[in-house]
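The values are calculated or read from the model by the stated rules, or taken from the named source; none is laboratory data. As the structure is a prediction and not an experimental result, all values here were calculated from the model. Glycine gets a Cβ as well: all are built from the backbone with ideal geometry, and neighbour counts include every protein chain shown.
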Amino acid sequence: MEEENIPAIFQLETDNLLLRDPHPYFRANNWFDYGMAIVMDNMGDNGRPARGIGSFTYVGKQDTLRRLLAWHRATGLPMIDMEWLGHIRKEPDVLSLPVTPHMMQRDDEWDCMFDGAALGAYYFGCDGRYGQPGPGFINETAWYADCIPSWPLSTKEWTIAGVPLINLHVSCKRADEIYPLVKLEPFREWKTTA
């Protein structure tokens, strides 16, 4: 970001489908004000370690990223990216993006939601890259795993329980296997500005 003078980025892992432009949702919710926005599949409050998923990440401030990377180097902890994201989630300038169609303690609906890995794995199964292809499964570490089967997916509008889905993190690294699976057009560039 520094070398290329890029002020902010969205980063997606290669096994993601970007289903809609995230800019309007970030604008409407003031999420561009944060230094980073991440997807958490476990908040660490259920006896399991907090874990973030790098499926969809927003970095809006170089200082935030620089500070958090320096903290990681200083700890000397041999963390994988999911553990590191889990540790930084409580920083005041790091936002945990919504991963459920509604706030779990209230009935208020989010205006969008993100998939860390649980939804794509559940709805579309395994592609066989790491073994035999298989049916969908629920990522047991996701804190919302018990709710997933009750959330209806619309592949026409790409919504879950009526809430727009921004990305779908499928268990597949090959675009030629993903597109027929979900019948999407190839990626198209959105001409928007933050």
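Per-structure values
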item	result
Filtered residues of the stretch 14-50 (kept if assigned to a loop (DSSP other than H, G, I, E, B) and more than 18 Å from Glu83 (Cα to Cα))	Thr14, Asp15, Leu19, Arg20, Asp21, Pro22, Asn29, Asn30, Tyr34, Gly35
Conditions (1) surrounded by fewer than 13 Cβ atoms within 10 Å (Cβ to Cβ); (2) at pLDDT below 75; (3) assigned to a loop (DSSP other than H, G, I, E, B): number failed by Ile138	(1)
Single condition Gln11 does not satisfy, out of (1) surrounded by 14 or more Cβ atoms within 10 Å (Cβ to Cβ); (2) touching a strand residue (DSSP E or B) at 6+ places or on another chain (Cβ under 6 Å); (3) of a type outside the set (Ser, Thr, Tyr); (4) part of a strand (DSSP E or B)	(1)
Identity of the residue in the stretch 156-168, of a type outside the set (Asp, Glu) and more than 12 Å from Leu119 (Cβ to Cβ), that ends up surrounded by the most Cβ atoms within 10 Å (Cβ to Cβ)	Pro164
The stretch 43-80 - residue that is of a type in the set (A, V, I, L, M) and without any contact (Cβ under 8 Å) to a residue 40 or more places away in the chain and, of those, nearest to Ala142 (Cα to Cα)	Ala50
Residue count, the stretch 84-98 (criterion: closer than 11 Å to Met43 by Cβ and either among the hydroxyl-bearing types (Ser, Thr, Tyr) or surrounded by fewer than 22 Cβ atoms within 10 Å (Cβ to Cβ) (or both))	3
